Amino acid sequence: TKTPPSKAQTIADVLGEVPIFAALTGDEREELASHMRVRHFARDEVIFHRDDPAGHFFAIVAGTVKLTAHDDGGREVAIAILRGGDVFGELELFDDIPRSVTVTAITETQALALDRRDFFDVLERHPRAMRLMLTSLARTIRDTARRIEDLVFLDLPSRVAKALLDLRTAHGENGEIHLTQDDIAAFVGATRASVNRVLSDLEQQGIVGIGRRHIELKDLPRLQRQVRS
């Protein structure tokens with residue numbers, strides 16, 4: 001069943017803010033929007049689990065999600081933190097394999113969901129969307145490779161400082177990162193206790209301020225100097 005025309009127009013307007021669909025014409029976005037469904041997720045709600053069947057592609061309208069995997073000991077490792085305008089769930093659609101990560105809403109999140117069949121219909125009929133999707137996938141691979149390099153070559157204080165800088169560049173608002181210390185720990189591949197010690201040291205130096213669910217970056221030049229390769 002297609003989305004009603006009035007709602008499709010609203011969704012089409014939102015798609016204009018999603019990079020991989022921005023190159024489509026207004027009519028093309030409206031046609032795509034007619035096949036999309038608006039999904040709402042509560043804070044800490046799992047959107048899908050690793051090994052779930054892959055059936056939909058998602059574009060985030062508002063909110064924040066994390067992509068995670070777990071090591072053999074059950075420890076959570078964050079693969080990426082995504083916000084409005086970002087997309088997820090596309091990788092497994094290309095080879096029809098189960099989900100490779102778990103995706104959880106960090107905050108209340110609104111996303112647009114597109115069925116696998118409609119997803120490929122759009123890519124096949126609109127080469128511009130296909131090129132942008134490939135660019136997005138290439139960026140994801142580069143970011144993952146960079147994260148692996150950080151885990152191998154940087155000590156924990158450097159990883160924490162670099163993660164804060166990277167997250168601010170990608171998603172920071174007014175010098176604040178709205179993540180918990182557990183989220184940061186998962187992102188840098190360490191325990192919460194060890195990350196807490198690093199953050200407490202940065203706070204004592206006046207480089208960051210620590211809130212309940214956010215971290216304020218107070219002194220970016222000094223934070224950048226904490227990254228030692």
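The values are calculated or read from the model by the stated rules, or taken from the named source; none is laboratory data. Treat the numbers as computed from the prediction; the structure is a model and nothing was measured. Note: ideal-geometry Cβ built from the backbone for every residue, glycine included; neighbour counts use all protein chains shown. With ligands, DNA and RNA removed, areas are computed over all heavy atoms of the protein, side chains included. Shrake-Rupley method; radii C 1.70, N 1.55, O 1.52, S 1.80 Å.
Here are a few things to note about the model shown:
- Residues whose amide H falls under 5 Å from that of ALA62, counting only those 5 or more places apart or on a different chain, are GLN110, with hydrogens built in the peptide plane.
- FRET efficiency, ARG125 to HIS40 (Cβ-Cβ, R0 30 Å, nearest 0.05): 0.55
- Between helix 192-204 and the chain: long-axis angle, C-alpha atoms, 0 to 90°, nearest 10: 70
- Accessible surface of the chain [probe 1.4 Å, protein heavy atoms]: carbon and sulfur percent: 50
- Heavy-atom accessible surface of the range 107-229, averaged per residue, reaches 54 Å², computed with a 1.4 Å probe.
- Phi angles of the range 64-72 translate, via the Karplus equation with coefficients 6.51, -1.76, 1.60 and θ = phi - 60°, into HN-Hα couplings of 9, 10, 10, 9, 10, 10, 10, 7, 4 Hz per residue; Gly and Pro are given as x.
- On Cα atoms only, tilt of 5-15 relative to the major axis of the chain in degrees: 40
- On Cα atoms only, tilt of 127-153 relative to the major axis of the chain in degrees: 20
- A 1.4 Å probe run over the range 9-71, with the rest of the protein chains in place, finds 47 Å² accessible per residue.
- Estimated 222 nm signal from helices in the chain, with DSSP H stretches of n ≥ 4 weighted -39500 (n - 2.57), rounded to 500: -13500 deg cm²/dmol
- With both labels modelled 7 Å from their Cα along Cα-to-Cβ, the ARG117 to ARG197 distance reads 5.6 nm.
- For VAL87, the solvent-accessible surface computed with a 1.4 Å probe is close to 20 Å², ligands and nucleic acids excluded.
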